[in-house]
Amino acid sequence: MVYSFLKHFVVGPPVRLVFRPWVEGLHHVPDEGPAILASNHLSFSDSILLPLMVPRRITFPAKMEYFTGNGVRGWLTRQFFVRTGQIPIDRSGGSKSMAALEQGLAVLGQGELFGIYPEGTRSPDGRLYRGKTGVARMALQADVPIVPCAMIDTDKAQPTGQRIPKVVRVGVRIGPPIYHPELAGQSENHAALREVTDEVMRALQRLSGQEYVDEYAADVKARLASTDEPVDQPSQKPSAERADKPTDEPDA
């Protein structure tokens, strides 16, 4: 109830008016039944834009810090994520991170959509980084399709650390589902997990046109933080599959 109210009456109208968001490939999202929406991660606003452009409800895991902030801003942030049904995730890894994936499996078990960022964190420089295998683990265990969703220009509208977004038109490009029923139940097959994850990342690269880096984004961030190494600028190579004009406007 709160999710729908925020989407259609509070957040949606001003975002549509100011940023004029577009979507391509919306028909790839199933009208019913469980699926994982796997997205690249360029900006905080990704978790707002994708649910806005997809008619069905999407549940996302959100970093634990959004649920533990102090002061008025912390309270407002916590209320937003709690009341929209988002799942807190501890990104320290191991059993703590797996707990969020277990909750994601419960969402899929209810026939709903679950959103996830395979990179595990926002890109530090606009490039696409190596995917973590949690997305494949969930897909094989639940036997559901993965729908790749590329966020376009959200980093230009709201770069990391910038509270007030710039007025830049943003969009979402959605690709065909990736589904491997022959691998159903093989959630401990590490070779299969890596193969499926890499397939998802290749799809995201084609859809987004981002330069791909075969390294985990979290490792790059840690290295930059420890050495003050400057961030390389990504090469601007448009994908052959990118189009100039958006299509498939959402009906909700």
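Values in this text are rule-based calculations from the coordinates and carry no lab data. Predicted model, so just to flag it, every value in this text is computed and none were measured. Every residue, glycine as well, gets a Cβ built from its backbone with ideal geometry; the counts of neighbours run over all protein chains shown.
Observations
- Annotation: for a label point projected 7 angstrom from Cα along Cα→Cβ of residue 79, residues of the range 1-44 with backbone N closer than 15 Å are 2-3, 6, 10-11.
- Extension gain (nm, one decimal) between residue 57 and residue 211, 0.36 nm per residue minus Cα-Cα: 52.4 nm
- Distant-in-sequence amide contacts of residue 119, defined by a placed amide H-H separation under 5 Å and a gap of 5 or more residues or a different chain, comprise 132.
- In this structure the amide hydrogen of residue 87, modeled in the peptide plane, comes within under 5 Å of the amide hydrogens of 60, 62, none closer than 5 places in sequence on its chain.
- Working note: Karplus 6.51/-1.76/1.60 with θ = phi - 60° gives the range 152-159 the couplings 10, 6, 5, 6, 6, 6, 9, x Hz, where Gly and Pro are set to x.
- Modelled FRET efficiency - R0 30 Å, residue 224 with residue 143, Cβ distances, 0.05 increments: 0.20
- Amide hydrogen proximity for residue 37: with H placed 1.01 Å from N in the peptide plane, the residues at 5 or more positions away or on another chain lying under 5 Å are 114, 115, 116, 147.
- Converting phi to 3J(HN,Hα) with the Karplus coefficients 6.51, -1.76 and 1.60 and the offset θ = phi - 60°, the range 31-38 yields 5, 8, x, x, 6, 9, 9, 9 Hz in sequence order, with x at every glycine or proline.
- Residue-by-residue Karplus 3J(HN,Hα) for the range 191-202, coefficients 6.51, -1.76, 1.60, Hz, glycine and proline x: 5, 5, 4, 5, 4, 5, 4, 5, 5, 5, 5, 5
- Computed FRET value (nearest 0.05) for residue 198 with residue 68, which takes r as the C-beta separation and R₀ as 45 Å: 0.85
- Overall form of the range 105-181 per C-alpha gyration tensor (a/c, 1.5; a/b vs b/c): prolate
- R0 of 41 Å, Cβ-Cβ distance residue 18-residue 191: FRET efficiency to nearest 0.05: 0.35
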